Amino acid sequence: MKKVLRLLFYIVVVGYAVITLGPFIWSIITSLKPTSELNTFAVNIKHLTLDNYKMIITKFPFLRWFINSAIVAAIVTFGNILFNSMAGYALARINFPGRNLLFMVVLALMMVPGQVVMVPTYILLSKLGWVNTYMGLTIPFLTSNFGIFLMRQFFLSLPKELEEAATIDGLSRFGIFFKIVLPLSKPALATQFIFMFTGNWNSFLWPSLLTSSDDMYTLPVGLNSFYGQYYQFWNQVMAGAILLTLPTILIFLIFQRYFVKGISTTGLK
């Protein structure tokens, strides 16, 4: 009976893997096909080509869009890691009046859709002159309610004795945070890094509203303008989609070990 159940388990896992990876593999194959073979299901390995990727990179300001996305994603991601960690640590370890109330506010704001504050945020940034600038694309997103919640829950799982020993040794609160707490928080930081980088790298709605010139487009916005012109050439569309996806896959592969550990340990206490 155990062998039958194990076999069924393997069948389900393999089936799920095929369903999950199938569209991605199809996208890769389609991106390598010449236009003349788009309507054929069969794959001729000899005819696979990188011309679709070359066309996107050379005909469009792909490198500029890539740099814009990298700058925005890097600033927002590292800003969130710093500020969310500091806020989460304060809510987990520092006793101050209104701490619990403030934490409830953070939880409540997680339920507010981002679209609700999009219009007032745009008006504010427009008055500040930050439309079509890096500041407008980054500063409003340097903190995250989810990130604060994630880090607070992880800090609660750390033993207080380590911080008490550091205090006896003469470390200040900032010293304890940067020298003791953060080095022990790699799983939670990696989890936050993956979520924040992926979310900002793939962000489309806000950059599409705030940018108006080609030289400020992020990669999703720039590729969307490309799709509007080449929507009938699915090989080129898929090539653009693969180029957009590769950095997030790379980031996940690098941090997946910490990611799994962070998800499994956050919120134990």
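The values are calculated or read from the model by the stated rules, or taken from the named source; none is laboratory data. Predicted model only: the values in this text are computed from it and were never measured. FYI the Cβ positions are ideal-geometry reconstructions off the backbone, even for glycines, and counts take in every protein chain you see. Note: accessible area is taken over every heavy atom of the protein model, side chains too, but ligands, DNA and RNA are not part of it. Shrake-Rupley method; radii C 1.70, N 1.55, O 1.52, S 1.80 Å.
With protein chains left intact and a 1.4 Å probe, residues in the chain average 59 Å² of accessible area per residue.
Three semi-axes describe the equivalent ellipsoid of the chain; taken as square roots of 5 times the Cα gyration tensor eigenvalues and ordered largest first, they are 40, 28, 16 Å. Over the C-alpha atoms of region 140-191, the Rg to Rh ratio, Rh being the Kirkwood estimate, stands at 1.03. Loop-resident chymotrypsin sites (Phe, Trp or Tyr not before Pro) (DSSP state other than H, G, I, E or B) in region 199-258 with no more than 15 further Cβ atoms inside 10 Å of their Cβ: F204, Y231, F233.
Stretched out straight at 0.36 nm per residue, the stretch from W26 to T248 would grow longer than its current Cα-Cα span by 78.1 nm. The phi-based Karplus calculation (6.51 cos²θ - 1.76 cosθ + 1.60; θ = phi - 60°) puts the 3J(HN,Hα) values of region 157-170 at 7, 7, x, 5, 4, 5, 6, 5, 5, 5, 5, 5, 6, x Hz, whole numbers, x for Gly and Pro. A simple rule links phi to the HN-Hα coupling: the Karplus curve 6.51 cos²θ - 1.76 cosθ + 1.60 with θ = phi - 60°, which for region 239-255 gives 4, x, 5, 5, 4, 5, 7, 3, x, 5, 5, 4, 4, 5, 5, 6, 9 Hz, with x for Gly and Pro.
Per residue of the chain, the DSSP helices (runs of n ≥ 4 H) give a summed -39500 (n - 2.57) that works out to -23000 deg cm²/dmol at 222 nm.
Across the chain, C-alpha contacts under 8 Å between residues 6 or more apart give a mean separation that, scaled by the residue count, equals a relative contact order of 32 percent.
Assuming charge only on the beta carbon of Lys and Arg (+1) and of Asp and Glu (-1), the dipole of the chain about its Cα centre is about 680 debye to the nearest 20. How many angstrom separate the Cα center of region 157-186 from the Cα center of region 1-55? Answer, in whole Å: 48.
Residue by residue, region 145-150 carries 3J(HN,Hα) couplings of 4, 5, x, 4, 4, 4 Hz when phi is fed to the Karplus relation 6.51 cos²θ - 1.76 cosθ + 1.60 (θ = phi - 60°); x denotes Gly or Pro. Calculate what fraction, in whole %, of the accessible area of the chain sits on carbon and sulfur atoms when a 1.4 Å probe is rolled over the protein chains. In the chain, the share of accessible area belonging to carbon and sulfur is 72 percent. Accessible surface comparison of T211, T198, probe 1.4 Å, protein chains only, largest first: the order is T198, T211. Within the shell of other residues whose beta carbon sits under 14 angstrom from the beta carbon of W65, the net charge comes to 0, with Lys and Arg scored +1 and Asp and Glu -1.
When the P(r) of region 39-135 is calculated, the portion above 20 Å amounts to 69% of the C-alpha pairs.
Mean projected area of the Cα convex hull of region 1-62, taken over all directions, amounts to 6.3 nm². In terms of accessible area, using a 1.4 Å probe and ignoring ligands and nucleic acids, I11, I19, I94, I251 rank largest first as I19, I11, I94, I251.
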